[in-house]
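Step one of this worksheet: look at the structure below.
The values are calculated or read from the model by the stated rules, or taken from the named source; none is laboratory data. What you are looking at is a predicted structure, and each value in this text was computed from that prediction instead of being measured. For neighbour counting, all protein chains shown are included, and Cβ atoms are generated from backbone atoms with ideal geometry for every residue, glycine included. For accessibility, only protein heavy atoms count, side chains too; no ligands or nucleic acids. Shrake-Rupley method; radii C 1.70, N 1.55, O 1.52, S 1.80 Å.
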Amino acid sequence: SVSGVIGHPQRHLLSCEARSAVDWAAFFGVSISEDEFLNALPRSDNPDQGFVGKPDDPWGFIPPRSYGVHADPVADLLVEYGLPADARRGINWDELRSEIASGRPVIVWVIGQMWPGSPREYTTPAGDTVTVAYNEHTMILTGYDASTVTAIDAYSGWAQTYDQGSFLASWSVLGNMAIVTRSMPPT
């Protein structure tokens, strides 16, 4: 497990990605406010390119309704703050465990509180097709053992323990999306 990751509850209904990002950044010594980060994210109708919707709209929907944002824009903004963030899709469980075993927490895209879910295809007005899911959410994975995972829920800011199978199923809905880092940020 990784110790020293401090979570805080998200300030807006749809700001889990910003909350996870700034708590993750703080672990590496970079201080950013949630609102500053959220306001700096690009806006888009495609969650792979920017934040979809309004941060205080109801949670749980898919585009074109307010939704949130996927890993790439979040990682790109973290890089602008000096963090070597790497957005990944299709990362496997062994790679994720290696990150945790190396002392590096990982931001993961899951469904609600590790709920099951189903991917949906959404076609943007520009004609791009993107995978989305109802109740998209982020947490910071900080630990695992043979049967459970520990993650900081951006909604509450609390570390929670979840069944490993439930986590793996929930995480797979959006294609095993995560933000990892391979090295410590510059000081």
Next on the checklist: So if I take the centroid of the Cα atoms in the stretch 123-153 and the same for the stretch 1-72, what is the distance between those two points in Å?
Outcome noted: 12
Checklist entry - Which of Gly53, Gly117, Gly90 moves most in a GNM of the chain, Cα contacts under 10 Å? => result Gly90
Item to check | Nearest-20 debye value, the stretch 1-158 charge dipole, Cβ charges on Lys, Arg, Asp, Glu | outcome: 220
Next on the checklist: How large a share of the accessible area of the chain, in percent, is made up of carbon and sulfur atoms when the probe is 1.4 Å and the other protein chains stay in place?
Outcome noted: 50
Item to check | Pairs of Cα atoms farther than 15 Å apart, the stretch 26-111, % | outcome: 64
Checklist entry - Given the Cα atoms of the stretch 85-187, and with Rh set as the inverse mean 1/r over their pairs in the Kirkwood sense, what is Rg to Rh to two decimals? => result 0.99
Checklist entry - Considering only protein heavy atoms, what is the solvent-accessible area of Thr123 at a probe of 1.4 Å, reported in Å² to the nearest 10? => result 80
Next on the checklist: Suppose all protein chains stay in the model; what accessible area per residue would a 1.4 Å probe give for the stretch 13-162, in Å²?
Outcome noted: 41
Checklist entry - Which far-off residues, 5 or more places away or on another chain, put their amide H under 5 Å from the one on Ala85, with H placed in the peptide plane? => result Val79
Item to check | Distance between modelled label sites at Ala146 and Asp94, nm, 7 Å Cα→Cβ extension | outcome: 2.0
Item to check | For the chain, the Rg and Dmax computed from alpha carbons only, in angstrom | outcome: 15.0, 44
Next on the checklist: Just to make sure I understand: if all protein chains stay in place, what is the order of Ser3, Ser118 by accessible area at 1.4 Å, largest first?
Outcome noted: Ser3, Ser118
Checklist outcome for this item: Given backbone amide H placed at 1.01 Å from N, residues whose amide H is under 5 Å from that of Lys54, ignoring those fewer than 5 places away on the same chain, are Ser66, Tyr67
Checklist entry - For the pair Asp76 and Thr123, what calculated FRET efficiency results from E = 1/(1 + (r/R0)^6), where r is the Cβ-Cβ distance and R0 = 25 Å, to the nearest 0.05? => result 0.60
Checklist outcome for this item: Highest mean packing first, using Cβ neighbours within 10 angstrom, the peptides 26-36, 79-89 sort as 79-89, 26-36
Checklist entry - Okay, which of the stretch 87-101 sit inside 13 Å, backbone N to the point 7 Å along the Cα-Cβ direction of Val30? => result 87
Checklist entry - Which values of log₁₀ I(q)/I(0), to two decimal places, follow from the Debye formula for the stretch 1-67 at q = 0.16 Å⁻¹ with a uniform point scatterer at every Cα? => result -0.56
